[in-house]
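**Student:** Provided herewith is a single structure, encoded as structure tokens, for subsequent inquiry.
Values in this text are rule-based calculations from the coordinates and carry no lab data. All figures in this text were calculated on a predicted structure; none of them were measured in a lab. Don't worry about glycine lacking a Cβ; one is built from the backbone with ideal geometry, like all the others, and counts go over all protein chains shown.
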Amino acid sequence: MTGDTESEASWSSFFSWLKQRGLHGVDLITSDDHSGLVRAIRQHLQGVTWQRCQTHFLRNVLDATPKSIKDEVHQHVRALLNAPDPKTARLLLSQTLEYFEEKAPKAMRILETGFDDVTAVLSLPEKYRKRLRTTNSVERLNEEIRRRERVIRIFPNRQSVIRLLGALLMEQDEKWASGRKYLNMEEYLSWRKNNNVSDNTKVTRIM
């Protein structure tokens, strides 16, 4: 499916299309804080956990931080995001807010407001957190798509877009399925079972 914009309507059409193709059992979606995307997620995938991309979030916090203390704020926020559990992360949040509230008030508002969404991944087994806390893998894939796209420059029609990008995505899917798995979900499924969560799980990353 192709779209002209990243509006809520476009994302809504995309999610509806995925569900028509059989998508179900989604547990977690990782994306940036694009308002239209987030609204579409909440409308079409109700009950799913939304993980705000930590890379984008950290950039937002630092953009609102005075240059003289950016390194210091970065260290504190990075430690918070790397916390071993939600309780520790919340303790570090409290300490960070108290320490920087006068030096970087705007950055601290962003940090406090986004805390729950950016640390949602801490509810998962540790093994899965690193690869599910950002959209980095999707962005790398998009870079490869753009590299191929730049060669053609102008597509004659939508079908030509689908043929090229479809071939590239099938190639990537084969690598993930037959080569070294990007995420082996066996331990996750066992964790879900032990926590009385229904099966057929999926996790998704979207830019």
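**Student:** So what's the stretch 1-69 giving for Cα Rg divided by 2.2 N^0.38 Å, two decimals?
**Tutor:** Relative to the rule-of-thumb radius for its length, the stretch 1-69 sits at 1.35.
**Student:** Also, quick follow-up: Is any helix in the chain, taking whole DSSP H runs, at least 20 angstrom long along its axis by alpha carbon and on average at least -1.0 on the Kyte-Doolittle scale, and which ones?
**Tutor:** 86-100, 158-178
**Student:** Give me the dipole magnitude in Debye, nearest 20, for the stretch 20-207 about the Cα centre, with unit charges on the beta carbon: positive for Lys and Arg, negative for Asp and Glu.
**Tutor:** 660 debye
**Student:** I would also like to ask the following. Could you list the trypsin sites (Lys or Arg not before Pro) in the stretch 1-100 that lie in coil according to DSSP, counting only those with at most 10 other Cβ atoms within 10 Å of their Cβ?
**Tutor:** R21
**Student:** Still on this structure, please answer the following. Report the label-to-label distance for K70 and R146 in nanometres (one decimal), using points 7 Å from each Cα along the Cα→Cβ vector.
**Tutor:** Label at K70, label at R146, 2.0 nm between them.
**Student:** Next up: Report the full-extension gain for the segment R180 to D117: residue separation times 0.36 nm, less the Cα-Cα distance, to one decimal in nm.
**Tutor:** The R180-D117 span can extend by a further 19.7 nm.
**Student:** Say the dipole of the chain comes from +1 at the beta carbon of Lys and Arg and -1 at that of Asp and Glu; which of L141, Q51, L122 then lies farthest toward its positive end?
**Tutor:** Positive-most Cα among the choices belongs to L141.
**Student:** Sticking with this structure for a sec: So what is the calculated 222 nm ellipticity per residue for the chain, using -39500 (n - 2.57) for each DSSP H run with n of 4 or more, over all residues, to the nearest 500 deg cm²/dmol?
**Tutor:** Taken over the chain, the calculation gives -19500 deg cm²/dmol.
**Student:** While we're looking at this one, here's another question. Direction-averaged shadow area of the convex hull around the Cα atoms of the chain, nm²?
**Tutor:** Mean projected area for the chain: 13.6 nm², to one decimal.
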